[in-house]
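Below you'll find the structure, written out as structure tokens, and then a few comments.
The values are calculated or read from the model by the stated rules, or taken from the named source; none is laboratory data. In this text, all values refer to a predicted model and were calculated from it rather than measured experimentally. Here Cβ is always computed from backbone atoms with ideal geometry, including for glycine, and neighbour counts include all displayed protein chains. To get the accessible areas, we keep the full protein, side chains included, count just its heavy atoms, and leave off ligands, DNA and RNA. Shrake-Rupley method; radii C 1.70, N 1.55, O 1.52, S 1.80 Å.
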Amino acid sequence: MKIYTKTGDQGITSLLGGKRIPKSDLRIDAYGTIDELNSFMGLLRDQEVNDKRSELLKEIQDRLFTIGADLATVPGKEKVKKPDLHEEDVELLEYEMDKMEALLPPLTSFILPGGNQSVSFCHVARTVCRRAERIVVELASYEPVSELVIQYLNRLSDFLFVLGRSMGKELGADEVTWKPRI
């Protein structure tokens, strides 16, 4: 199978289910941003500090492919074969956050992203996740979108925040609190 098909050379692409739409469509932006997030998740998985979390991060990447497939499907095309997202996927993120938070000091103020390059990668992934969530929420105001997709993205951005804090602690990085000028 060739990678290039030339079918998108005019700025049009196909959704699962056959409908052709412009590459500038909000739906394409939504699953394109999910793809970008998935790439950052791979970068996080490749960080040595996350060796023990590699399988969990790979599972999250799999869920992001699931979300991408859902968003790439023509709304209402129920017979298109694609993987499903489950409530348990959201619960897994909550469970993992609870485990990490139990080992962290309480958060008393906003913290500035950074402190270590690996932690910074995590904050970039978190902000890309938030952008993906905003785009998907906007798409949902025009077309049907699974509520579970929105819920998963919301929980994933929270997970990434806690993961960044956990990574920072494990790497001995200081959390720099935000001290606003008043």
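Within region 131-146, is there a residue that is more than 20 Å from Ser39 (Cβ to Cβ), more than 15 Å from the chain's Cα centre (by Cα), open to solvent by less than 70 Å² (accessible area, probe 1.4 Å) and modelled with pLDDT of 95 or more? Yes, the conditions are met somewhere in region 131-146.
The single condition among (1) at pLDDT below 75; (2) touching a strand residue (DSSP E or B) at 6+ places or on another chain (Cβ under 8 Å) that Gly76 does not satisfy is (2).
Remark: Asp29 matches the filter, which requires a residue to be modelled with pLDDT under 95 and surrounded by 12 or more Cβ atoms within 10 Å (Cβ to Cβ).
Scanning region 84-127 for residues that are open to solvent by 90 Å² or more (accessible area, probe 1.4 Å) and among the aliphatic types (A, V, I, L, M) turns up just one, Leu103. Within region 147-182, the set of residues being of a type in the set (Val, Ile, Thr) and surrounded by fewer than 20 Cβ atoms within 10 Å (Cβ to Cβ) comprises Ile150, Val176, Thr177, Ile182.
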